[in-house]
Structures are given as structure tokens and as C-alpha cells.
Amino acid sequence: MAKQMNICIALNRKYVRYAYVLLTSLFYNNPQYDVHVYALNDELNDEDNRALGGLCATHHSDWHDMKVNPQDFLKGLPLTEMWSKETLYRLSLIDVIPDDVDRILYLDIDMIVAKNIGELYEMDFEDKYFVATRDIPTIQPIPPEDPRYFLFRDHDFTDTYYINAGMMLWNLKELRGKYHLSSYMNVAAAHNFHIPVLDQDLLNLVHWGQMKYVDPFQYDCFTIITKRENDEEENGRRPKEASIIHYAGDKPWKAGLQNSANEIWWQYAKMTPFYEEMLEEYVLASCGKESLTSKYIQYVEENDKLKRAIEPLKTFYELHNKGLIS
């Protein structure tokens, strides 16, 4: 009998295709698990659930459509295009995940599980509530010029780090009964809802010192910190060596910064039924309709010039073939 792995994601309808890619990579590299996927959302419809549920069923796994009430998260927090309400849904995880689930791995949608993560998922929490990684892009201790400084200026960074919330293994067995959605919303209210990085700041504030840390370059490798010319981080670690790759910032399905880690994302995208439409969107975004039109005009003009250059030779060629001239 296969082992069970519990995974949690949060998404809206626009991210269904990218969730499909993430889950494809997870299933492909972790075949020893029957996976239960819990999807926090407020808008997935029957078509979305059939697509993602069908993917799970193909891999002997289960899909759980977990509806949440968005009004629970719209009480003063500064939502933006970058920080959407779906970003906050993980704060309700303790309340909405079934009581018989003792541990669950939360993953951001803009990730790829590129290797087997059994060691991470089955890790001993010891006396901690979470397994997570320090936030690679954040200077620690947080400096005064960082907008999060006022939140964390009194925190001890000696053996404790500000973590990235994109990958977190939750010890639900120990968290239940001690924390709820209100635990985070009350802290937000206490700071007048001035929370620069929303859910991530709140998780750090509420659970400071309750984290077991793992290697960020293995389990939450940010592609935005790699060098463009050789895809190596300053200490030589490569995204291609990571178990979990995090495409924070520039997304591989959009035109923008290119690196070899994007090739990994497209490798799994190619396994999905959305590949062709995503590729078409990517090409259009990379070139732009105006650019494609200008290229067409350019090629037509070049072709016309070539035709005009060749035309005088046509008569000679035809006469030569007929043996009328040598």
C-alpha cells in the first residue's frame, strides 16, 4: 500500500493551468505516494475541478475542493495585484483542513517539484510547528530601509530566521486548538493592517521561533537570485540541483527574464493538455502582435527585393534550359 502525502495549494481560476503543471511535476517525481491535494479557493467551477481532479485520479491521488469565504480575509489588509486574497488563504489552513490530517505540505503555485521530496515530507518536526526555509532574498537581520523593519526590529535573528511562506510543512496535529485564522487577523489588526508582505509577515510574526529550518537552495530555490549568465547563485548552487524550484517574481510562462530553470518548468508544462495554448500565449507575449506584424512586413519586403533581383536571370535560365543559349 502506497504512503499518503497531503498537499495544500491556494488558487483562483486564472492559475488552474499552472497548478496542473505543479501537480504534474509532483506526481511524476513522487510516484511512491498517494497524494491528497487540498485546494483553498473561492471560485473554482466544475470544469476546473474535473481537470485537476482528473489529473489526481490518473495518479491514484485525490482532489479536495476546499471553498473558503473571501470576506474572512478582506478586513483591512492591503490587497494588491501582487498580493491577492488567495495569498492569504493559507492562513485558514488550520481551520479548514480535516481533523484527521496531521501534517500537510503547503506549496505556492509558481513552483516545480523537480525531485523526490519524501525526506522533506516525512521529516521529524521535533519540537517545532513547521518545517520551512529562510527567505533567501531577505537580508537578515532585516535592515531599517526594509519596509518590514518596524515589524521585526525587536526579533532575535541569532538562531531564528525570517522564513519564506511558499514552502511550509505544517504540523497540524500540534497547531490545532492553539491557533486559528483569528490568530493572524488579530495580529494584523494590532499593527493597523500595515503588513507589507501579508501572509508571510503574519506567519513569521505569529510563529517566530517555531520553525525547523531546511536548506533553501534545495527546498525553496528562488530563480530570481540566480545569475543570468550561468544560472549559478553566488555560492555556486544551481536551480537545476534543487528539489523544489520557486519562480517568484518573473514567471516562466511569461515573457521576461530567461534562465535554464524555466526549461524545467516547460518540461512539465509539455506533459499537460494546456501546453499548446500556454506556448502560444508565451510566444505572443514575447514578440507582441505589433512585433509579429512588423516581422511579416519585413519578410514580405525582403522577399520582394529578392524577386526583383532574380527576375532578370529568369529569362536566361529558361533559354539555357531549352538549349537556345549556352
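Summary table below
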{"item": "Conditions (1) out of contact with any helix residue (DSSP H, G or I) (no Cβ under 9 Å at 6 or more places or on another chain); (2) at pLDDT 95 or above; number of the one not met by Trp170", "result": "(1)"}
{"item": "Filter result for Arg148 (of a type outside the set (A, V, I, L, M), out of contact with any Phe, Trp or Tyr (no Cβ under 7 Å at 6 or more places or on another chain) and surrounded by 13 or more Cβ atoms within 10 Å (Cβ to Cβ))", "result": "yes"}
{"item": "In region 3-22, the residues that are buried (at least 21 other Cβ atoms within 10 Å of the Cβ) and within 20 Å of Glu119 (Cβ to Cβ)", "result": "Met5, Asn6, Ile7, Cys8, Leu22"}
{"item": "Residues being at pLDDT 95 or above and either open to solvent by less than 30 Å² (accessible area, probe 1.4 Å) or assigned to a loop (DSSP other than H, G, I, E, B) (or both) - total across region 128-138", "result": "7"}
{"item": "Test result for Ile195, assigned to a loop (DSSP other than H, G, I, E, B), surrounded by 15 or more Cβ atoms within 10 Å (Cβ to Cβ) and at pLDDT below 95", "result": "yes"}
{"item": "Residue that is surrounded by the fewest Cβ atoms within 10 Å (Cβ to Cβ), among those in region 151-176 that are within 26 Å of Ile97 (Cα to Cα) and of a type in the set (Lys, Arg)", "result": "Lys173"}
{"item": "Filtered residue count, region 7-26, keeping only those that are more than 14 Å from Leu105 (Cβ to Cβ) and assigned to a helix (DSSP H, G or I)", "result": "10"}
{"item": "Complete set of residues in region 39-49 that are out of contact with any helix residue (DSSP H, G or I) (no Cβ under 8 Å at 6 or more places or on another chain) and either surrounded by 12 or more Cβ atoms within 10 Å (Cβ to Cβ) or touching a residue at least 12 places away in the same chain (Cβ under 8 Å) (or both)", "result": "Asn49"}
{"item": "Criterion (out of contact with any Gly (no Cβ under 6 Å at 6 or more places or on another chain), within 28 Å of Leu23 (Cα to Cα), exposed (fewer than 12 other Cβ atoms within 10 Å of the Cβ) and at pLDDT 65 or above) met by exactly one of Glu302, Glu277", "result": "Glu277"}
{"item": "Residues (over 24 Å from Glu277 (Cβ atoms), among the aromatic types (Phe, Trp, Tyr) and under 17 Å from the mean Cα position of the chain (by Cα)) located in region 1-53", "result": "Tyr38"}
{"item": "Sole residue being in contact with a helix residue (DSSP H, G or I) (Cβ under 7 Å, 6 or more places away or on another chain) and either aliphatic (A, V, I, L, M) or farther than 16 Å from Leu205 by Cα (or both), chosen from Leu107, Leu93", "result": "Leu107"}
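So that you can scan it fast, the table gives a plain yes or no per residue for (1) open to solvent by less than 60 Å² (accessible area, probe 1.4 Å); (2) within 16 Å of the chain's Cα centre (by Cα); (3) at pLDDT below 90:
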site: Lys227; (1), (2), (3): no, no, yes
site: Glu232; (1), (2), (3): yes, no, yes
site: Arg237; (1), (2), (3): no, no, yes
site: Lys240; (1), (2), (3): no, yes, yes
site: Ile245; (1), (2), (3): yes, yes, no
site: Leu284; (1), (2), (3): no, no, yes
site: Thr293; (1), (2), (3): no, no, yes
site: Phe316; (1), (2), (3): no, no, yes
site: His320; (1), (2), (3): no, no, yes
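The values are calculated or read from the model by the stated rules, or taken from the named source; none is laboratory data. These numbers come from a predicted model, not from an experiment. Glycine also receives a Cβ, built like all others from the backbone with ideal geometry; neighbour counts cover every protein chain displayed. Just so you know, the surface numbers come from the protein's heavy atoms only, side chains and all, with ligands and any DNA or RNA stripped out. Shrake-Rupley method; radii C 1.70, N 1.55, O 1.52, S 1.80 Å.
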